[in-house]
Structure formats: C-alpha cells, structure tokens
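Below is one structure, written out as structure tokens; the observations come after it.
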Amino acid sequence: MRLSKWIGSLLVGAALCASPAWAQPIDDQVRIAARALADEGYALYEQGKYADALVKFDRADALVNAPTVKLLAARTLEKLGRLVEAAERYRSITILQLDDKAPEAFRDAQETATKELAALSPRIPTIELTVQGAGAEIATVMLDGKVFPRALIGVKTPLNPGVHRVEADTPASAAALDLKIDEKQAARAVLELKPKSGTEPVGGDLVTPPGGSPDTPPKPPGATQRLLGYISLGVGGAAAIGGGGALISAYTTRSEMKAFCEREVNGDNPCTNKSETDDTPESPVRYKNYRDSIDTKAAISTALFVVGGVGLTAGVVLLLTAPKAKPASPTKASIEPLIGLGSVGLRGTF
C-alpha cells in the first residue's frame, strides 16, 4: 500500500467511521496539520530517524484517529526494537470498528496490521522472574528501574529484546542481575536474596568500605608478592644476560691478546719483554692493558651472574609461595545458566 494513499485518507478520515470515538467532526485545519505531521514522519522514517518519526506519527494520530497513521507508528516502533509496544499498536488497529463508509485505505491498513502482528508475535521474547530466599514474599521486584507487578512473578511476561536489569529488594536483603535477551528467547531469571552488607547498596545509599572507594575492587591475596616475584625475575634475567655479554667480551679480548702475544716485533716477544718503556713499537704496556681489561670484564661477568642467579631464584620462590585466592563462597556474587525445555535463563546472587 502506497504512503500517499494512506496520508491522503486523512483528508476524508475519522468522520466517516461509525465508531463513537471517531464521531467528532474534524475541520480542515486539523486534517491539514495531521497530514503534514504524517508526511514529515514518513520522511524521517525513510532516513532511518525512527525516534523522530515516531513523535510525528503519534502527534498525527492524536489529531485524527486513522489506522493508516497507527500502522506507520507500529512499524516505526518495530524498527526501534520496541516489539511489545509495536504489537499493541498493531492490535489496536485490528480491533477498530470500521463501517461501510470507511476509506479503502483504512481497511487495507487494518488487514496489513493483522498480518504484520501475526509475523511479529513469535519474535517477542519473554521473561519469567522468580525470587528466592528469606523475605522473598515481601520483596519489591524491579525491571529496568520500574516496579514489576507481583502478579507477574513466576509468569512468562513479554518484554523487548536487549539488556535488562532485574532487582529484588527487602529491608534486610537484596539481589540483582543483568540479562541480555534476544528475540524469540524464553528467559528465566532467579533472584536469590542475600543479606545486605556494608559494601552493598542499602536503601539507595552506597556505603563506602574503609580504605577506598566502593568502585575499587580489593587486591587479590598475594598480589604484591607476585608483583615482586615478577620484578625479581626481570632483574635476574637482565643481569644474567649482561653477565653473559661481559663474559663474551672478556673472551674476545683474550683472543686479541693471544694474537698480539704470538707476534714478534724486532725479534722480541712483546709479552715477555720486561721493559716498562715504549722504546719498541709493541711493549709490555699494551700486554698489561689487555690483562687489565680481561680481569675487569671477568669480574663484571661474575658479579652479574651472581645477581642474576639471586634474582631468578628469589622470583621463583616468591611466585611459588604467593597466597592464592580462595574459592568464592556461596554468599558472593555468582551467575549460573538455567536451561530448560524451550527456555534459557540465568540465576544470579549478589
């Protein structure tokens, strides 16, 4: 069905229907305004600006109770992921009483709404909320910040797909759970009430634990010791590598000295010439420099190997002896899946 046909029907609209709700005459000014709003809404719809389009369609629908505009609004709600509201809007079109004088566009819109409602209904997910624990019978249950009727607890309830937060609260206990609901999903959430503690919200006020913000999680046991262990391993490894480099350099210098000592200058072996002067081209002074360099590098290598060995040993010991986190107790936050025939859900305690 073309939009121009729907929008044009607003000009002859509500006054032609037999329903008493539509019996009030609508003047030309209202019809023109409604048609302009519907046109603007459709332009926004085509641009993908569904939230803005819905505002226009709702305003037009408030001026002229036309099923054509209601159908456009229902489709917009569906695009926004608000499947529950879309289904109700489709249903409101199907129950309208149209007489023989109703425009053909109105009848087409009603028939289309019936088909689209049938296609949409299986896509709407449901949630079944239950509360367990001491005080469950008096707990206030909230869904996305709104009070959840007690009559619906334990009953499959339609809701829109997306992320939802469910909470249960009593003066002495509370529970909360975040759920991601997909289309067609039959979810089940079990809220297990646990006693409130000083680190949990009580009556809407967040109590800050001593020594820091409630948003700052406590360090796990042995965290500092493990950090020191990793630092020791790093320092020890670096020292060992440095010691190896110094040792290689010492052997290189020793090879250079050996080559120097194997040469003879003016018939003399410079490494055995006892003269302390530089009268010969090569003298014992250079041999002495070689020896000093080798001794220095060897000493540095030894020291670095000692530091490296101590660091690596200390790191291993610190890591192996660091306290480990204890398994979470039943009173701590936990989430477990619930899988049943035709349904899935999560159980959470906080």
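The values are calculated or read from the model by the stated rules, or taken from the named source; none is laboratory data. Given the structure is predicted, the values throughout are model-derived calculations rather than measurements. With ideal geometry, Cβ positions are generated from the backbone for all residues, glycine too; neighbour counts draw on all protein chains shown.
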Candidate set from the range 69-99 (those that are of a type in the set (D, E, K, R) and outside any helix (DSSP H, G or I)); member that is nearest to A34 (Cα to Cα): D99
L129 buried (at least 19 other Cβ atoms within 10 Å of the Cβ), out of contact with any Gly (no Cβ under 8 Å at 6 or more places or on another chain) and either farther than 23 Å from Y50 by Cα or of a type outside the set (G, A, S) (or both): no
Number of positions in the range 100-124 that are touching a residue at least 12 places away in the same chain (Cβ under 8 Å), surrounded by fewer than 21 Cβ atoms within 10 Å (Cβ to Cβ) and in a loop (DSSP other than H, G, I, E, B): 2
Residue within the range 262-284 that is modelled with pLDDT of 80 or more, surrounded by 12 or more Cβ atoms within 10 Å (Cβ to Cβ) and either outside any helix (DSSP H, G or I) or within 60 Å of the chain's Cα centre (by Cα) (or both) present: no
Of residues in the range 296-350 being among the hydroxyl-bearing types (S, T, Y) and exposed (fewer than 15 other Cβ atoms within 10 Å of the Cβ), the one modelled with the lowest pLDDT: T331
Residue selected from the range 135-175 under the condition more than 20 Å from P122 (Cα to Cα) and touching a residue at least 40 places away in the same chain (Cβ under 8 Å), by the criterion nearest to the chain's Cα centre (by Cα): A175
Condition broken by I26, with the remaining ones in (1) touching a strand residue (DSSP E or B) at 6+ places or on another chain (Cβ under 6 Å); (2) at pLDDT below 95; (3) of a type in the set (V, I, T) satisfied: (1)
